[in-house]
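The values are calculated or read from the model by the stated rules, or taken from the named source; none is laboratory data. No experiment lies behind these values; they were computed from the predicted model shown. So basically every Cβ, Gly included, is an ideal-geometry build from the backbone, and we count neighbours across all protein chains shown. These accessible areas exclude ligands, DNA and RNA; they are computed on the full protein's heavy atoms, side chains included. Shrake-Rupley method; radii C 1.70, N 1.55, O 1.52, S 1.80 Å.
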Amino acid sequence: MSKFSQKDNQYMQRAFELAVLAEEKGEVPVGAVLVKDNEIIGEGFNQPILNHDPSAHAEIMALRQAGQKLQNYRLVDTTLYVTLEPCAMCAMALVHARVSRVIFATKDSRTGAAGSVFDILEHDALNHHCEVQSGLLQAEASAQLKQFFKNKRK
């Protein structure tokens with residue numbers, strides 16, 4: 001039995017579609033979707049190159065959109081679906097926004113901050129913790145990222 005629901009699969013599939021869009025624009029293929037009450041309230045894909053903005057990661061873009069939609073910087077009772085494990089910057093933004101749950105597809109062994117390199121989302125010293133699950137569409141996201149970087153090296 002899968003630990004992920006049909007809805008989880010649906011939202012991660014949307015995040016993967018956004019990652020494809022990022023790749024088409026020459027960005028590292030990462031997509032993110034933020035959900036509250038079974039409704040997408042924010043979406044994003046990596047666009048630091050396009051926006052000349054080092055903070056324009058998929059997760060940050062989804063948080064910004066959701067904050068505007070809800071007219072609130074606190075995004076409680078939400079779930080973020082993202083194709084790559086969040087980095088430290090994104091993980092702290094998720095903690096500050098009070099996101100309840102983070103589901104990511106594949107681990108980032110170099111900068112992952114949801115358990116791989118750092119464990120910010122569940123760190124005892126912080127006043128908020130995000131429930132973390134990983135592995136949903138892992139093979140697809142991992143293959144996409146590996147192919148992207150292989151093509152970049154050519």
| query | Taking the chain on its own, what percent of its Cα-Cα pair distances exceed 21 Å? | reply | 38 percent
| Say the dipole of the chain comes from +1 at the beta carbon of Lys and Arg and -1 at that of Asp and Glu; which of Gly115, Ala19, Val35 then lies farthest toward its positive end? | Ala19
| Give me the Kirkwood hydrodynamic radius of the stretch 109-154 in Å, from all C-alpha pairs, to one decimal place? | 12.6 Å
| Carbon and sulfur together cover what percent of the accessible area of the chain at a 1.4 Å probe radius? | 51 percent
| query | To the nearest 10 degrees, how steeply does helix 138-153 sit against the main Cα axis of the chain, on a 0 to 90 scale? | reply | 40 degrees
| message | Give me the percent relative contact order of the chain, please, defined on Cα pairs under 8 angstrom at least 6 residues apart. | response | 19 percent
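Which semi-axes, in whole Å and largest first, does the equivalent ellipsoid of the stretch 1-74 have when worked out from the alpha carbon gyration tensor as the square roots of 5 times its eigenvalues?
22, 17, 8
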| Which FRET efficiency value, to the nearest 0.05, is calculated for His128 and Arg153 with the Förster distance at 25 angstrom and r the Cβ-Cβ distance? | 0.05
| said: For the chain, take the longest principal axis of its alpha carbons; what is the angle in degrees between that and the long axis of helix 6-24, to the nearest 10 within 0 to 90? | reply: 40 degrees
| remark: Regression test value, accessible area per residue of the stretch 1-88, probe 1.4 Å, units Å², expected 50 Å²
| task | Please check which bits of the stretch 100-131 a label hung off Asn51 would reach, taking the label as a point 7 Å along Cα-to-C-beta and the cut-off as backbone N under 14 Å. | result | none
| request: Go through 39-45, 102-108 and give me the packing order, highest mean Cβ count within 10 Å leading. | output: 102-108, 39-45
| query | Under 16 Å Cα-Cα from Lys69, which aspartates and glutamates qualify once same-chain neighbours fewer than 8 residues away are excluded? | reply | Asp37, Glu39, Glu43, Glu59, Asp77
| request: Report the net charge of residues surrounding Ala114, where surrounding means a beta-carbon distance below 14 angstrom and charges are Lys +1, Arg +1, Asp -1, Glu -1. | output: -3
| said: Taking every DSSP beta bridge with both residues inside the stretch 75-142, roughly what % is antiparallel (nearest 5)? | reply: 10 percent
| request: Return, ordered by residue number, the residues of the stretch 120-154 whose backbone nitrogen is under 20 Å from a label point located 7 Å along Cα→Cβ of Gln13. | output: 134-145
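Which of the peptides 67-78, 133-144 is most tightly packed, and how do the rest follow, judged by the mean count of other Cβ atoms within 10 Å per residue? Kindly include the intermediate steps, with their values, before the conclusion.
Working: 67-78: 14.6, 133-144: 17.4.
The most tightly packed comes first, giving 133-144, 67-78.
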| query | Rounded to the nearest 5, what % of the DSSP beta bridges within the chain are antiparallel ones? | reply | 55 percent
| How many percent of the alpha carbon pairs in the stretch 35-99 exceed a separation of 19 Å? | 24 percent
